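The values are calculated or read from the model by the stated rules, or taken from the named source; none is laboratory data. Computed from a predicted structure; not experimentally measured. Neighbour counts run over all protein chains shown; Cβ positions are idealised from the backbone, glycine included. These accessible areas exclude ligands, DNA and RNA; they are computed on the full protein's heavy atoms, side chains included. Shrake-Rupley method; radii C 1.70, N 1.55, O 1.52, S 1.80 Å.
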Amino acid sequence: MDSDQWLDEDEARLHAILGNDVERNKKNAERYRQYLLARLPLPLLVTGNEDFPWEEPYLFGVRDKRDYEKLKLKKPAHTDTFELQALERPDRHGDVMARIKRVSDGKVFLLGLSWLCCKDETCEAFTLLDDYGVWHANY
């Protein structure tokens, strides 16, 4: 499959969800949330799809790694495994908020869904979350 065909399939899935108005805004984020609520098998195991914003200064060597290890006990880290429990209303940036519970210690966090991906790359939920992340980042 060439990249144009792949883009066409992604675009087709997005338009099937949102119609012709695919702009990222709170209204469309809520529409996307309703779509995902009807299709995602919650609870679902997820992890970070890239480092979370709070982690970047630690991972790029600007801040102390020992402090990072302490903060990871209190904050969600992109390498953690979480149980996606619920999809909450979008935040002011138009990102659906995900209520997640860290598997290792049971701590619950609220995080933008665009920062998460499904642990199981073979299930439909992986594509659903990946498509959502692409939409959130590019529209």
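Here are some notes:
- Span-like helix criteria (full DSSP H runs; alpha carbon extent of at least 15 Å along the helix axis; mean Kyte-Doolittle hydropathy of at least -0.5) are satisfied in the chain by 124-138.
- Counted charge near residue 94, where neighbours are those whose Cβ lies closer than 15 Å (Asp, Glu -1; Lys, Arg +1): +1
- The chain - percent of accessible surface contributed by carbon and sulfur, probe 1.4 Å: 50 percent
- If you sort the three axes of the alpha carbon gyration tensor as a ≥ b ≥ c, you get a/c of 1.5 or more for the stretch 35-86 and a/b above b/c, which makes it prolate.
- Between residue 88 and residue 11, residue separation times 0.36 nm minus the direct Cα-Cα distance comes to 25.2 nm.
- Exceedance of the 18 Å cut-off in Cα-Cα distance is limited, within the set 27/75; 70/107; 74/101; 75/107, to 27/75.
- Using a probe of 1.4 angstrom and keeping all protein chains present, the accessible surface of the stretch 24-125 works out to 57 square angstrom per residue.
- Debye-sum result for the chain in log10 I(q)/I(0), which assumes one identical scatterer on each alpha carbon, at q = 0.10, 0.13, 0.20 Å⁻¹: -0.36, -0.59, -1.20
- Residues of the stretch 59-82 with amide N under 19 Å of a point placed 7 Å along Cα→Cβ from residue 45: 77-82
- The gain in end-to-end length when the residue 68 to residue 30 segment is fully stretched comes to 10.3 nm, 0.36 nm per residue minus the alpha carbon separation.
- Using 0.36 nm per residue and subtracting the Cα-Cα separation, the extra length available between residue 137 and residue 123 on full extension is 2.8 nm.
- Where the Cα pairs of the stretch 84-139 fall when distances are cut into 5 Å bins, in %: 4, 20, 26, 26, 17, 7, 1, 0
- Lys, Arg +1 and Asp, Glu -1 on Cβ, resulting dipole of the stretch 62-139 about Cα centre, debye, nearest 20: 600 debye
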